[in-house]
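In what follows, a single structure is set out as structure tokens and then discussed.
The values are calculated or read from the model by the stated rules, or taken from the named source; none is laboratory data. Predicted model, so just to flag it, every value in this text is computed and none were measured. Don't worry about glycine lacking a Cβ; one is built from the backbone with ideal geometry, like all the others, and counts go over all protein chains shown. What goes into the accessible areas is simple: the full protein's heavy atoms, side chains included, and nothing from ligands, DNA or RNA. Shrake-Rupley method; radii C 1.70, N 1.55, O 1.52, S 1.80 Å.
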Amino acid sequence: MQQIITFTTSKRLELIDITRQVASTVAASKVKDGLCTVFARHATAAIIINENADPGFRQDVLSLLDKLIPEGVWEHDKVDDNGAAHLKATLLGPSQVIPVKDGGLLLGTWQGITLVELDGPRMREIVVDVRP
Ligand code: ZN
């Protein structure tokens, strides 16, 4: 089963917990044991899996990316002025794969699936693909 979930982001840089929406798709798929791929159809957004309870951690991820990748010094900025957003998305990657067991996501206690907006606000399409 494949489903596209849309999210409207509200900030330029933002982390959005999408675990609940992905889990709903897994439940609807009726797949008991298999794999769930979560894929962002964008060049300036990413999907990560990590701590999802502490808002401070979300800020830490954005702070780390800002420290690693400064704004306004990239060749791509000459094209559309968002080189840093593309490079941050490249580092994090557009997708994650989560095992499905007994009809649910086999995430650890402190793991959540997060959409990372790097050049918002925008409408983002996330593909959730669940297979036995
Ligand atoms: Zn661009």
Which loop GluC sites (Glu not before Pro) in region 1-79, with loop taken from DSSP, have no more than 16 other Cβ atoms within 10 angstrom of their Cβ? Glu71, Glu75
What is the projected area of the convex hull of the Cα atoms of region 2-131, averaged over all directions, in nm²? 7.7
Treat each spin label as a single point 7 Å out from the Cα along the C-beta direction, and report the Val97 to Arg131 distance in nm. 0.9
Ser10 and Leu106 label points (each 7 Å along its Cα→Cβ direction) are spaced in nm at 3.6
In region 2-131, lysine pairs closer than 27 Å at Cα, eight or more apart or cross-chain: 8
Net charge around Phe39, counting only other residues with Cβ within less than 12 Å of its Cβ (Lys, Arg = +1; Asp, Glu = -1)? 0
Hey, can you find the accessible area per residue of the chain for me, probe 1.4 Å, expressed in square angstrom? 55
Extended-chain gain in nm, criterion 0.36 nm per residue less alpha-carbon gap, Asp33 and Gln59: 5.9 nm
By accessible area with a 1.4 Å probe, ligands and nucleic acids excluded, highest first: order of Arg131, Arg12, Arg20, Arg124: Arg20, Arg131, Arg12, Arg124
In whole percent, and with a 1.4 Å probe on the protein chains, what portion of the accessible area of region 2-131 is carbon and sulfur? 54
So which residue, out of Ala84, Ala28, Ala46, gets the largest mean-square fluctuation from a GNM of the chain using Cα contacts under 10 Å as springs? Ala28
Mean residue ellipticity at 222 nm from the helices of the chain, using -39,500 (n - 2.57) per DSSP H segment of n ≥ 4 over the full residue count, to the nearest 500 deg cm²/dmol? -8500 deg cm²/dmol
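In terms of solvent-accessible area of protein heavy atoms at a 1.4 angstrom probe, what is the ranking of Phe7, Phe57, highest value first?
From most exposed to least exposed: Phe57, Phe7.
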Karplus-derived 3J(HN,Hα) from phi for region 105-113 (6.51 cos²θ - 1.76 cosθ + 1.60, θ = phi - 60°), whole Hz, x at Gly and Pro, runs 5, 8, 8, x, 3, 9, 9, x, 9
